[in-house]
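Working notes, beginning with the structure itself.
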Amino acid sequence: MPVSTLDRFRGALLGGAVGDAIGELASVHGDADSLTDWLSEGDTLRYTDDTAMSIGLAEALSLSGGVSEDEIGRIFQRNYGREPWRDYSSSVPAIFAMVKRHDISFSEAAGRLHDGVGSWGNGAAMRIAPLGVLYRESEDLRDLAERSARITHTHPLGIDGAAVMAWAVGQLAKYDAKDKFPFAAFCTGLVRFAQTKELRLKLAQVVELIARKAPPREAATTLSLSQSVHESLPFSLYAFLRHRNSYKDCVYTAVLQGGDEDTLGSMAGALSGTYLGAGSIPKDWLQRIENKELLEDLAKRLASMDV
């Protein structure tokens, strides 16, 4: 059956959350056999700040009907206050503290980080999947993605990575997985949509690695797996393109090479879940993700306002 719009949103949110949780486990159970053994035990799959911020963005989008810095920032701040233990980076509470202390906007506070150049990490890209699905047909997708990113990331790389991730998710939400995957068009579009030379170079390397069927270890070495968005998003895209017809294989590839495993899993899981739909996520994993009902509800709310 064709993947419905609702299932695209479910795939983006639930796929990202499950990938996030499995990536977090992979940081402890670092090989496929050990990870599979642990996953077979049936415990709750717990996500990190990646999914917490995706939830916050989805909540803000559903409440404001658009991309409002104040609304998104307020919800991020509220959710952090409720669950500060979700492995947030130190920059997140620093931004909230500056906003409160100096009565400035979230983006202005974010711009004061890292000696005034802002963050180039993957935090804006890791959360943006629901926005990418919602605005997949919008000519303003880049502007909306950039506005969402600047709440915490003002460096050109941090902003560009979020925009590229939003574009990728948006494109995948329009594809039918039963058809031949438009590899050339998708990859060309990725490289063209990127605006920073660092990210363009890495995306071009992804295309080359996939074209010659390079194994994950070589791809990880070539692309690097740091928390910088131009060294993590490309590997998540590699994992998706290498295993675009299998959610499980995509996520395993993303999280078993080291690096920022939970964020790699979150981004790869959102890409795969959006393309294949939530039905592609192994049922056992899907049923065990924490706050599943909230994620399902947010998917329904976003699907009801689909633009």
Residue-wise, which Karplus ³J(HN,Hα) couplings in Hz belong to segment 223-238, taking 6.51 cos²θ - 1.76 cosθ + 1.60, θ = phi - 60°, and x for glycine or proline?
-> 8, 6, 10, 7, 7, 5, 5, 7, 10, 10, 4, x, 6, 4, 5, 4
How many nm separate the modelled label positions at E108 and A184, each set 7 Å beyond the Cα in the direction of the Cβ?
-> 5.0 nm
Summing +1 for each Lys or Arg and -1 for each Asp or Glu, what net charge is found among the other residues whose Cβ lies under 12 Å from the Cβ of A254?
-> -3
Give me the Kirkwood hydrodynamic radius of segment 155-257, using the inverse of the mean 1/r over all pairs of distinct Cα atoms, in Å to one decimal.
-> 13.7 Å
Within the set T154, T196, T274, GNM on the chain using Cα springs under 10 Å gives the largest fluctuation to T196
Which listed residue (S89, L271, G121) has the Cα farthest towards the positive end of the charge dipole for the chain, taking +1 on Lys and Arg C-beta and -1 on Asp and Glu C-beta about the Cα centre?
-> L271
Would you compute, from DSSP H runs of 4+ residues alone, the mean residue ellipticity of the chain at 222 nm, taking -39500 (n - 2.57) per run and dividing by the full residue count, rounded to the nearest 500?
-> -20000 deg cm²/dmol
Give the shape of segment 2-96 as rounded, prolate or oblate, defined through the alpha-carbon gyration tensor: a ≥ b ≥ c are the square roots of its eigenvalues, a/c under 1.5 means rounded, and otherwise the shape is prolate if a/b is larger than b/c and oblate if not.
-> oblate
Diffing segment 28-43: the Karplus 3J(HN,Hα) column from phi (6.51, -1.76, 1.60, θ = phi - 60°), in whole Hz with x for Gly and Pro, holds 9, 9, x, 10, 4, 5, 5, 5, 5, 4, 5, 5, 6, 7, x, 6
Can you pull the percent of segment 13-118's accessible area that's carbon plus sulfur, 1.4 Å probe, other chains left in place?
-> 45 percent
Assign unit charges at the C-beta atoms only (+1 for Lys and Arg, -1 for Asp and Glu), then state the dipole size of segment 58-195 relative to its Cα centre in Debye, rounded to the nearest 20.
-> 280 debye
For the chain, with every protein chain kept in place, what is the accessible area per residue (1.4 Å probe, Å²)?
-> 40 Å²
Give me the percent of the accessible area of segment 214-307 that comes from carbon and sulfur atoms, probe 1.4 Å, all protein chains in place.
-> 45 percent
From the Cα centre of segment 204-264 to that of segment 10-31, the distance in Å is 14 Å
How far, in nm, would the chain grow between R78 and A94 when pulled straight, counting 0.36 nm per residue and subtracting the alpha carbon separation?
-> 4.3 nm
Within segment 174-189, the residues whose backbone N lies under 14 Å from a label point placed 7 Å from the Cα of E137 along the Cα-to-Cβ direction are 174-175
Local electrostatic count at D70 - Lys and Arg +1, Asp and Glu -1, tallied over other residues with Cβ under 15 Å = 0
May I ask you to work out the translational diffusion coefficient for segment 85-180 at 10 °C, viscosity 1.306 mPa s, via Stokes-Einstein with Rh from the Kirkwood sum over Cα pairs, reported in whole µm²/s?
-> 113 µm²/s
Under 1.5 on a/c is rounded, so check that first for the chain, then, if it is not, pick prolate when a/b is larger than b/c and oblate when it is not; a ≥ b ≥ c are the square roots of the alpha carbon gyration tensor eigenvalues.
-> rounded
Hey, if you drop one equal point scatterer on each alpha-carbon of segment 67-115 and run the Debye formula without solvent, what base-10 log of I(q)/I(0) do you get at q = 0.24, 0.32 Å⁻¹?
-> -0.92, -1.31
In nm, to one decimal, how far is the modelled label at R301 from the one at D284, with both set 7 Å along Cα→Cβ?
-> 3.2 nm
Give the peptides 6-13, 108-115, 184-191 in descending order of average Cβ contacts within 10 Å, highest first.
-> 6-13, 108-115, 184-191
Given charges at Cβ of Lys, Arg, Asp, Glu: segment 178-307 dipole, positive-most of L237, G259, P282 = L237
With the 8 Å Cα cutoff and a minimum separation of six or more residues, segment 197-296 has a relative contact order in percent of 22 percent
Tell me which lysines have Cα within less than 28 Å of K292's Cα, excluding those fewer than 8 residues away on the same chain?
-> K174, K178, K248, K283, K300
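The values are calculated or read from the model by the stated rules, or taken from the named source; none is laboratory data. None of the values given here were measured: they were computed from a predicted structure. Neighbour counts run over all protein chains shown; Cβ positions are idealised from the backbone, glycine included. Protein only, heavy atoms only, side chains kept; ligands, DNA and RNA dropped before computing areas. Shrake-Rupley method; radii C 1.70, N 1.55, O 1.52, S 1.80 Å.
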